[in-house]
1. Tally Lys and Arg at +1 and Asp and Glu at -1 over the other residues with C-beta under 12 Å from the C-beta of ASN184: what net charge comes out?
2. How long is the gain from GLU112 to LYS163 if the chain were fully straight, where each residue apart is worth 0.36 nm and the alpha carbon distance is subtracted?
Amino acid sequence: MRHLNTLRTLALAIPAATALSFNAVAQEPDVSYWYAAGDPTVPDGQLWSTGYGECWQSAYPDGPTNLPPCQVEVRAPLVLQLNFALDRYGLNDILNPEVLTELDQYIQEVKESPREEHLVVGGFTDKLGSWEHNLVLSENRADTIRNYMIDQGIPSQDITKVKGFGWDVPTEFQTGDLGPLENNPLRRRVVVLEVPPLGK
């Protein structure tokens, strides 16, 4: 999630159609390893990226200095089928806590990522009870997961939104057919979604 400070060296990857060769640049401390990929004849220039997945675009043969990033591939949504006790939302009210191991793995991957990720946590219910009740309940459950993620080391400012949706599922949270609205455990879930950076 944060840029790592290691040893940085610059290398140029010639297109696969030609023989591969790498031109190493003098190594300096407190920098990361850099790699370039692409065709130097392309008008829009090269795509430069680190071994950690950071990416910039620049005109050949310049390196990635003060350049806008390339398009970022956002992380796939994490769908947590959490079975909370009826009308409860606390961490200790989760009846299948083993599902949290999926969240732990997700958190670790986000923490190890070199780029700054912005996350949204959405809570969902089935159609059991009133609309107003389920909106509050689903948001409380989403907030429980947000707090858990912060306790596990995710910076609070990186979770940009927490919202309960009840049984309504916005397009960005749709992950397949969930079946009927009424009394359906598949709809009782919390989804962690990465949103792309502004302008992407």
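1. Numbers: positive: LYS127, ARG187, ARG188, ARG189; negative: ASP126, ASP177, GLU182.
Value of the local net charge: +1.
2. Using 0.36 nm per residue and subtracting the Cα-Cα distance, I get 15.8 nm.
Every number here is computed from the coordinates shown, using simple stated rules; none is lab data. All figures in this text were calculated on a predicted structure; none of them were measured in a lab. FYI the Cβ positions are ideal-geometry reconstructions off the backbone, even for glycines, and counts take in every protein chain you see.
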